Amino acid sequence: MANRLGPATLDRLPAEVARPDYAIEDVGVGIVHLGIGAFHRAHQAMYTDAVLADVGGPWGICGVSLRSAGVRDRLVPQEGLYTSIEKSPAGVRRRVVGSVREVLFHGDEAEAVMRRMAAPATQVISLTVTEKGYCHEPATGRLDVRHPDIVHDLAHPDDPRSVVGLLVAALAERRRTHGAPVTIVCCDNLTQNGAFVQGLVASYATLADPELAQWIDREVAFPSTMVDRIVPATTSQDIADNDAALGLRDEAPVVHEPFSQWVIEDRFAGARPAWNVAGALFVADVDEYEKMKLRLLNASHSALAYLGFLAGYEYVYEVAAQPDFIAYMRRLMRDEVVPTLTQPAGIDLAAYQESLVTRFANPALPHRTQQIAMDGSQKLPQRILGTIRDDIAAGRRIHFAALAVAGWMRYVYGEDEQGRRIDVSDPMAPTFAQLAADHRGNWAAFAQSLLAIGAIFDEDLHNEPRFTTPVTKFVEELFMHGAAKTVSRSLHGDHASPPLELPR
Ligand code: CS2
């Protein structure tokens, strides 16, 4: 199509739009990325674009979609090119990214995906498949061997549906055909995400083929990473505005904030792209960075998303404009999260917390509370429950974090404060709907029934009154008074719970 963004139309872009200044057609594929959604295109693919521009190397990306053909169908006609749209109060900056050299949809190109994953030239396999993409049990991080996709893949290892099954099939093929090592780089928001994926792969491989499991243990590296950039879903208005600015049609732009951070454990099985040229940090230990990010940014994000949605706000920046909600976020971070963290090298935790407030308040980047509210069953453990466990173990009181969990419970009840249905998007949504129906009108019982879901809360928390008592109380309060009032009262203390002095 004459007006479509692509290598042939790059020279028609307006001067202010940055573009690849390297020969994209010469770039070989060295990275296979599973889950080529907006986040990957606005984050890792941009770091890789900088590597290709600054130092070169065989680091083109083959992006793979696992669930739908949409991204492949939009990117292939553009030969992988798309616009990164950075938005902030300072304005809009556009850049065409060239690092995605191939896009495949696993649903109808499974053989091509396997060839790429097994190719000796592929040295890195990276992943952004979202929390629920790993078929694990959220409470423990262990492989859910009863998950239908895992059951299917163990019975049909050559026709995998799950990410873990696909990884293990590709590793088996590498071992069979050449045996070159490879590095698997998880870029999802999960605790110790490298060790986590390694554990899932090892469990599955041990069930499928114990010798393969030993080979994987020797030849495959699983560095952990901390990834950060706010990337709301692209809207049709974003696409229309971008087309007008480009003078070309781009069906796959991504919209993001200026801020970006990537901290990567420096543990690769072979060569690695010099992502540091674009500001990524290779470090010996990522854990403290990752914990900081999950417990401060993602926990606050989820808390404001649930409570803000309930209070009637569609976007995070609107919630972040409410003084009580921001005061609540600051107290949650300062009083209950920071005491569980160790300051990572080079980070000022106080400045970090304030930067989150500013980032959430970015009015140029509308981010729907509903988008962040998705998949809470998969997100709560690493975002909030770890904080709660640590606070309880140290004898600290749980108050603001309990309200965050209660906000999630009130949300998954599935009916908003005006009595309208909430579209709860979560693998456990049918369970939540059933519990809501069973306990209609008895909010404490509804809260108790959620707390009994072992896949989320585990026995230790379920049996811990220092957690369950304030959560239940806040759930009742949310139903009775609504989210805005409950947030405000949590700060101003006409009900603020006294420190609990139950035996440990
Ligand atoms: C958000 C994250 O959707 C969500 O759950 O909290 O996607 C968040 O925007 C990113 O982790 C920021 O790095």
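The values are calculated or read from the model by the stated rules, or taken from the named source; none is laboratory data. On a predicted model such as this, the values are computed, not experimentally measured, just so you know. We place every Cβ from the backbone using ideal geometry, glycine too, and count neighbours over all the protein chains shown. To get the accessible areas, we keep the full protein, side chains included, count just its heavy atoms, and leave off ligands, DNA and RNA. Shrake-Rupley method; radii C 1.70, N 1.55, O 1.52, S 1.80 Å.
Residue order by solvent-accessible surface for 142, 383, 330 is 142, 330, 383, largest first, with ligands and nucleic acids left out and a 1.4 Å probe. Counting only protein heavy atoms and using a 1.4 Å probe, what share of the accessible area of the chain belongs to carbon plus sulfur, as a whole percent? Carbon-and-sulfur percentage of accessible area, whole number: 50.
Heavy-atom accessible area for residue 132, with the other protein chains in place and a 1.4 Å probe, reaches approximately 90 Å². Every helix of 4 or more DSSP H residues in the chain counts as -39500 (n - 2.57), and over all residues that averages to -12500 deg cm²/dmol at 222 nm.
Quick check: from the Cα gyration tensor, does the range 363-504 come out rounded (a/c under 1.5), prolate or oblate? In terms of gyration-tensor shape, rounded. Working note: Karplus 6.51/-1.76/1.60 with θ = phi - 60° gives the range 93-99 the couplings 10, 10, 8, 8, 9, x, 6 Hz, where Gly and Pro are set to x. Close amide H partners of residue 281, meaning residues 5 or more places away or on another chain with modelled amide H under 5 Å apart, are 262, 263, 264. Couplings 3J(HN,Hα) of the range 178-192, computed from phi: 8, x, 6, x, 8, 10, 9, 10, 7, 10, 9, 7, 10, 5, 6 Hz, in residue order, whole Hz [Karplus 6.51 cos²θ - 1.76 cosθ + 1.60, θ = phi - 60°; x for Gly and Pro].
Note on the range 222-271 and the range 81-149: Cα centroid distance 12 Å, given to the nearest whole angstrom. Ranking 84, 68 by solvent-accessible area of protein heavy atoms (1.4 Å probe, all protein chains present), from largest to smallest, gives 68, 84. Please enumerate, by chain and number, the lysines with C-alpha under 19 Å from the C-alpha of residue 485, excluding those fewer than 8 residues away in the same chain. Within the straight-line limit of under 19 Å, residue 485 reaches these lysines: 473. Given a 1.4 Å probe and the protein chains all in place, what does the accessible area of residue 428 round to, in Å² to the nearest 10? The accessible area of residue 428 comes to roughly 30 Å². When the surface is traced with a 1.4 Å probe over the full set of protein chains, residue 178 keeps roughly 70 Å² accessible. Each peptide in 97-104, 368-375 receives the mean, over its residues, of other Cβ atoms within 10 Å, and ordering these scores from highest gives 97-104, 368-375. Over all other residues within a Cβ to Cβ distance under 12 Å of residue 332, the charged ones net out to +2, with Lys and Arg as +1 and Asp and Glu as -1. Remark: the chain carries 39 Å² of accessible area per residue (probe radius 1.4 Å; ligands, DNA and RNA excluded). Only Lys, Arg, Asp and Glu carry charge here, each on its Cβ (+1 for the first two, -1 for the last two); on that basis the chain has a dipole of about 500 debye about its Cα centre.
Of all aspartates and glutamates in the structure, those lying under 13 Å Cα to Cα from residue 379, and not within fewer than 8 positions of it along the same chain, are 131, 137, 188, 426. Each Lys or Arg adds one and each Asp or Glu takes one away; over the other residues whose Cβ falls under 12 Å from the Cβ of residue 35, this sums to +1.
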